[in-house]
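Have a look at the structure below before the remarks.
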Amino acid sequence: MSTNAFPLAKDDLIKSYRTMRTIREFEERVHVEFAKGDIPGFVHLYAGEEACATGIIMHLSDIDRIASTHRGHGHCIAKGVDVGAMMAEIYGKATGSCRGKGGSMHIADLAKGMMGANGILGAGAPLICGAALAAKRRGDRGVGITFFGDGASNQGTVLESMNLAAIWNLPAIFVVENNGYAESTSIDYAVAVDSYVDRAAGFGMPGVTVDGTDFFAVYEAAGEMIRRARAGGGPALLECRMIRFFGHFEGDAQTYKAKGENEHNRATRDCLKLFAARVSEAGVLSQAEMESIDREVLGLIEEAVVTAKSAPLPAAKDLLTDVYVSY
Amino acid sequence: MARNISFKQAISEALDLEMRRDPNVIILGEDIVGGAGSPGERDAWGGVLGVTKGLYAKYGDRLLDTPLSESAYIGAAIGAACCGLRPVAELMFLDFMGVCFDQIFNQAAKFKYMFGGKAQTPIVIRAMVGAGFRAAAQHSQMLTPIFTHIPGLKVVCPSNGYDAKGLLIQSIRDNDPVMFCEHKALYGFENDVPQESYTIPLGEANVVRDGEHVTIVTYGLTVHRSLQAAEALARDGIEAEVIDLRSLSPIDWDTVIDSVERTGRLVVVDEANPRCSIATDVAAYVAANAFSALKAAPRLVTAPHTPVPFSPTLEDLYIPSGEKIAAAASQTLKPALAA
């Protein structure tokens, strides 16, 4: 085996691949199960975008906080939220991450630094400023990272938060997950600037655009920003240009996409295939090693679905609990 | 030791005592120190009405002046509360909820429930409420009912400095999000307030006047107007019991029901607009839970279904007056056929 030329040790490469594969299989399976009609509510899938969540969150530990979006499964898995509990939550079961009270759009695990997927676009940006403020006050070198789409990038909350993070010099990173579509509306229509780097400049913070399907590009750019933020260098913006394999939500007919767009993207811009090709060509991870991870992950997801389906539903009394700490 | 101090000083003391007691308490808001980055003096304002004046000298960067970005800093306070701090955010005027409401009602209020009980958000949002300042439609509203409607939020609205100090200290120590509503016309009101720290539980009403003929339920500024009405009624031999709710969520139904069961008559006074208000809420609860005790239909004295007007002539008509409250109480005592 050749020398590892990557900025990650082999163990971390394996962890990164496993995380991305887990997100992919989780989403592909939810897609299938949702179509069967067993999963209630709204579901927004992250498949195709795995390199972004993983490349960034690989730099984080539990003291670092992230705020996610309505498309939050990938961020949750990368941040270490239990996959079985996530699946149970999506099925609305009592054993879910949120005891069945949150669902796909609200999975959270504060102990893991995961401050919640969020049904309100752009709502995580102010929250993460608070997390970054708390980290700064404690002096624990923790960072706060908020993910938002190109759609939510137009929310006042995001723009206000970028200003606030800049004037308070907060260890906060603003990640634009630019998949080109705000629901069905193209970024070409809805965003007035050509580059988010210009928006970052408008708030006096560095901004970098990377190919969000390239795990290593995301990893390196995010690492630089996170190191800078931990050292007191303040906030930054990272734009990841990426691909959403599925629709905005499950059930979206995606007629706004070009003909063959999804198939083309899956064939040429699949971040997992790109990662696998890079590491196997470099001889750092073999196809066999990755296939073994794939089998492991498939087993994990299968177990998560089987367990979730047979898990108990919330009890009627749960309707009224956990509104307040005390009342 | 109790001294006669203002409502404003009582709030300032509560903040001072809690900041001294708990290093996780921080205060943030617009101009709460004042003069940030400006060439003149620091601590120039201490909030628009000077409530936080002087705290900066003691606690320094635990007071954070914010840009005029309510969504960002209210949201940041909520995020910080989820991460171990105990922020007191000042929204200045509650009317400004319009530009940050999502962070309050979709984020702070929902985290505990939506995350299956695993989150807590110990934040206090202080804001001025109420009319009487000639501040017109966007700086004068009594928006307490909107927050009371939201599960997950607690809502407090004291009528005097003694209550304000004890309730604010309790609110800061509380582990749920609390909307702490301060009536701007009360800042100068003085009463006896102990120097030391003390707490008043949320959800405990205060019977501020005993009476056997009619129950007047209210909160905030209109507690004082209700007491004036009660004095006027007493001259006619009518003894009104006046209940200051103090906190609207949780609310002390037991004290209200106990009183109505004794008097058989209810007047609810609310400076909020009449529809879906504290007044309708209390009247409905009493009707549903103490109907047999009622000797007359409950009377509601509220602001009209209008924005708050500017002209003093009109604004004075807008806020429930002692005369209107007394008239409503008298109505409940008239024989049913004559009513």
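The values are calculated or read from the model by the stated rules, or taken from the named source; none is laboratory data. No experiment lies behind these values; they were computed from the predicted model shown. Using ideal geometry, Cβ is built from the backbone for each residue, glycine included, and neighbour counts are taken over all protein chains shown.
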Subset of region A:77-102, residues part of a helix (DSSP H, G or I) and over 12 Å from the mean Cα position of the chain (by Cα), comes to A:83, A:84, A:85, A:86, A:87, A:88, A:89, A:90
Looking at (1) within 14 Å of chain A (Cβ to nearest Cβ); (2) buried (at least 22 other Cβ atoms within 10 Å of the Cβ); (3) outside any helix (DSSP H, G or I), which is the only condition residue B:159 fails? (1)
Confirm whether residue A:83 is over 28 Å from residue B:73 (Cβ atoms), touching a residue at least 24 places away in the same chain (Cβ under 8 Å), more than 9 Å from chain B (Cβ to nearest Cβ) and not charged (D, E, K, R). yes
Taking residue B:72 as the residue in question, decide whether it is within 11 Å of chain A (Cβ to nearest Cβ), without any contact (Cβ under 8 Å) to a residue 40 or more places away in the chain and out of contact with any helix residue (DSSP H, G or I) (no Cβ under 8 Å at 6 or more places or on another chain). no
Lone qualifier among A:48, A:55, A:74 - being away from chain B (no Cβ under 14 Å), in contact (Cβ under 8 Å) with a residue 24 or more places away in the chain, under 17 Å from the mean Cα position of the chain (by Cα) and in a loop (DSSP other than H, G, I, E, B): A:48
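Let's see how each residue does on (1) under 17 Å from residue B:173 (Cα atoms); (2) surrounded by fewer than 24 Cβ atoms within 10 Å (Cβ to Cβ):
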{"position": "B:99", "(1), (2)": "no, yes"}
{"position": "B:106", "(1), (2)": "no, yes"}
{"position": "B:113", "(1), (2)": "no, yes"}
{"position": "B:117", "(1), (2)": "no, yes"}
{"position": "B:120", "(1), (2)": "yes, yes"}
{"position": "B:125", "(1), (2)": "yes, no"}
{"position": "B:130", "(1), (2)": "no, no"}
{"position": "B:134", "(1), (2)": "no, yes"}
{"position": "B:138", "(1), (2)": "no, yes"}
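Hey, among the residues in region B:112-140 that are at the interface with chain A (Cβ under 7 Å from one of its Cβ atoms) and either touching a residue at least 12 places away in the same chain (Cβ under 8 Å) or in contact with a Ser or Thr (Cβ under 6 Å, 6 or more places away or on another chain) (or both), which one's farthest from residue B:247 (Cα to Cα)? Working first, answer last.
Restricting attention to region B:112-140, the residues satisfying the condition of being at the interface with chain A (Cβ under 7 Å from one of its Cβ atoms) are B:112-120.
From what's left, either touching a residue at least 12 places away in the same chain (Cβ under 8 Å) or in contact with a Ser or Thr (Cβ under 6 Å, 6 or more places away or on another chain) (or both): B:112-113, B:119-120.
Details: B:112: 21, B:113: 22, B:119: 23, B:120: 20 Å.
Among residues in region B:112-140 that are at the interface with chain A (Cβ under 7 Å from one of its Cβ atoms) and either touching a residue at least 12 places away in the same chain (Cβ under 8 Å) or in contact with a Ser or Thr (Cβ under 6 Å, 6 or more places away or on another chain) (or both), the one farthest from residue B:247 (Cα to Cα) is B:119.
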So which residues in region A:309-327 are in contact with a helix residue (DSSP H, G or I) (Cβ under 9 Å, 6 or more places away or on another chain) and over 14 Å from residue B:153 (Cα atoms)? A:309, A:311, A:321
Could you list all residues from region B:202-231 that are within 9 Å of residue B:325 (Cβ to Cβ) and either aliphatic (A, V, I, L, M) or part of a helix (DSSP H, G or I) (or both)? B:216, B:222, B:225, B:226, B:228, B:229, B:230
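Just one of B:297, B:328, B:290 is under 23 Å from residue B:255 (Cα atoms), in contact with a strand residue (DSSP E or B) (Cβ under 7 Å, 6 or more places away or on another chain) and modelled with pLDDT of 95 or more; which is it? Before you say what the answer is, go through the steps one by one.
Numbers: B:297 fails: in contact with a strand residue (DSSP E or B) (Cβ under 7 Å, 6 or more places away or on another chain); B:290 fails: in contact with a strand residue (DSSP E or B) (Cβ under 7 Å, 6 or more places away or on another chain).
That would be B:328, the only listed residue that is under 23 Å from residue B:255 (Cα atoms), in contact with a strand residue (DSSP E or B) (Cβ under 7 Å, 6 or more places away or on another chain) and modelled with pLDDT of 95 or more.
Which one of A:96, A:37, A:113, A:41 is more than 24 Å from residue A:14 (Cα to Cα) and within 12 Å of chain B (Cβ to nearest Cβ)? Before you say what the answer is, go through the steps one by one.
Details: A:37 fails: within 12 Å of chain B (Cβ to nearest Cβ); A:113 fails: more than 24 Å from residue A:14 (Cα to Cα); A:41 fails: within 12 Å of chain B (Cβ to nearest Cβ).
None of the other options fit; the residue is A:96.
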When the residues of region A:143-195 are filtered to those that are buried (at least 21 other Cβ atoms within 10 Å of the Cβ) and small (Gly, Ala, Ser), which remaining residue is nearest to the other protein chains (Cβ to nearest Cβ)? A:161
Taking residue B:57 and the conditions (1) away from chain A (no Cβ under 14 Å); (2) surrounded by fewer than 17 Cβ atoms within 10 Å (Cβ to Cβ); (3) of a type outside the set (Val, Ile, Thr); (4) part of a loop (DSSP other than H, G, I, E, B), which numbered condition does it fall short on, given that it satisfies the others? (4)
State whether the residues of region A:192-207 include one that is of a type in the set (Val, Ile, Thr), farther than 23 Å from residue A:21 by Cβ and modelled with pLDDT under 95. yes
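Suppose we filter region B:76-105 for residues that are within 21 Å of the chain's Cα centre (by Cα) and at the interface with another protein chain (Cβ under 7 Å from one of its Cβ atoms); how many remain?
4
What number of residues within region A:118-134 are surrounded by 24 or more Cβ atoms within 10 Å (Cβ to Cβ) and either more than 7 Å from chain B (Cβ to nearest Cβ) or among the β-branched types (Val, Ile, Thr) (or both)? Lay out the reasoning, then the answer.
Pass one, region A:118-134, residues surrounded by 24 or more Cβ atoms within 10 Å (Cβ to Cβ): A:118, A:122-134.
Narrowing the set further to residues that are either more than 7 Å from chain B (Cβ to nearest Cβ) or among the β-branched types (Val, Ile, Thr) (or both) leaves A:118, A:122, A:124-125, A:128, A:132.
Adding up the residues that qualify gives 6.
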Lone unmet requirement of (1) among the hydrophobic types (A, V, I, L, M, F, W, C); (2) more than 13 Å from the chain's Cα centre (by Cα); (3) part of a loop (DSSP other than H, G, I, E, B); (4) away from chain A (no Cβ under 14 Å) for residue B:150: (4)
Do we find a residue being in contact with a Cys (Cβ under 8 Å, 6 or more places away or on another chain), closer than 27 Å to residue A:323 by Cα and at pLDDT 95 or above anywhere in region B:207-217? no
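Here is a list: A:305, A:325. Which entry is within 14 Å of chain B (Cβ to nearest Cβ) and surrounded by 12 or more Cβ atoms within 10 Å (Cβ to Cβ)? Give the steps one after another, and end with the answer.
Numbers: A:305 fails: within 14 Å of chain B (Cβ to nearest Cβ).
Being within 14 Å of chain B (Cβ to nearest Cβ) and surrounded by 12 or more Cβ atoms within 10 Å (Cβ to Cβ) holds for just one of A:305, A:325, which is A:325.
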